[in-house]
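Before any comments, here is the structure.
The values are calculated or read from the model by the stated rules, or taken from the named source; none is laboratory data. Computed from a predicted structure; not experimentally measured. When we count neighbours, we look across all protein chains shown, and the Cβ atoms used for this are built from the backbone with ideal geometry, even at glycine.
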Amino acid sequence: MAKVKGDIIIDIEKCKGCELCIEACPQDSLARSKQVNNKGYLYIVKIEDNCTGCTNCALVCPEGAITVYRKIDKKKELVTRVSNVTSDMTIKVDK
Ligand code: SF4
Ligand code: SF4
């Protein structure tokens, strides 16, 4: 069976600290930073290396600040990137 590991990239300057992604993460991988971004929001950071790449965080983020990747047998694939809530989103789900 293929070994799957997730990873995310957070655009901290887009983040408004709403915490929706924290609530949506089943792995408790996310938390608020103690630092603010350029807009003055406490942005989100990854606190655990246990992401499964489920995409929940990216799907609930109203700012499109999170990009999700999955590494399947060490091959890294983009699975979710939501660039803007008012435009199209591209989501790739499990094969
Ligand atoms: S992709 Fe899933 S497991 Fe990974 S940080 Fe986002 S919500 Fe958590
Ligand atoms: S859902 Fe988006 S805007 Fe809200 S805290 Fe998470 S990354 Fe920031």
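Listing for the model above:
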{"read-out": "Long-range neighbours under 7 Å by Cβ, at least six apart or interchain, first residue without any contact (Cβ under 8 Å) to a residue 40 or more places away in the chain and under 15 Å from residue 16 (Cβ atoms) within the stretch 29-47, second of a type in the set (Lys, Arg) and assigned to a loop (DSSP other than H, G, I, E, B)", "value": "41/16"}
{"read-out": "Selection count, the stretch 48-78, where residues are touching a strand residue (DSSP E or B) at 6+ places or on another chain (Cβ under 8 Å) and touching a residue at least 60 places away in the same chain (Cβ under 8 Å)", "value": "6"}
{"read-out": "Filtered residue count, the stretch 35-51, keeping only those that are among the acidic types (Asp, Glu) and within 13 Å of ligand 2 (Cβ to nearest atom)", "value": "0"}
{"read-out": "Residue within the stretch 51-62 that is within 12 Å of the chain's Cα centre (by Cα), of a type in the set (S, T, N, Q), modelled with pLDDT of 80 or more and under 15 Å from residue 5 (Cβ atoms) present", "value": "yes"}
{"read-out": "Among the candidates 46, 71, 3, residue that is at pLDDT below 95 and either crowded, with 18+ Cβ neighbours inside 10 Å or within 14 Å of ligand 1 (Cβ to nearest atom) (or both)", "value": "71"}
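Here's the yes/no breakdown for (1) basic (Lys, Arg); (2) under 14 Å from residue 80 (Cα atoms); (3) within 12 Å of ligand 2 (Cβ to nearest atom); (4) touching a Gly at 6+ places or on another chain (Cβ under 6 Å):
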residue: 10; (1), (2), (3), (4): no, yes, yes, no
residue: 18; (1), (2), (3), (4): no, no, yes, no
residue: 30; (1), (2), (3), (4): no, no, yes, no
residue: 33; (1), (2), (3), (4): no, no, yes, no
residue: 53; (1), (2), (3), (4): no, yes, no, yes
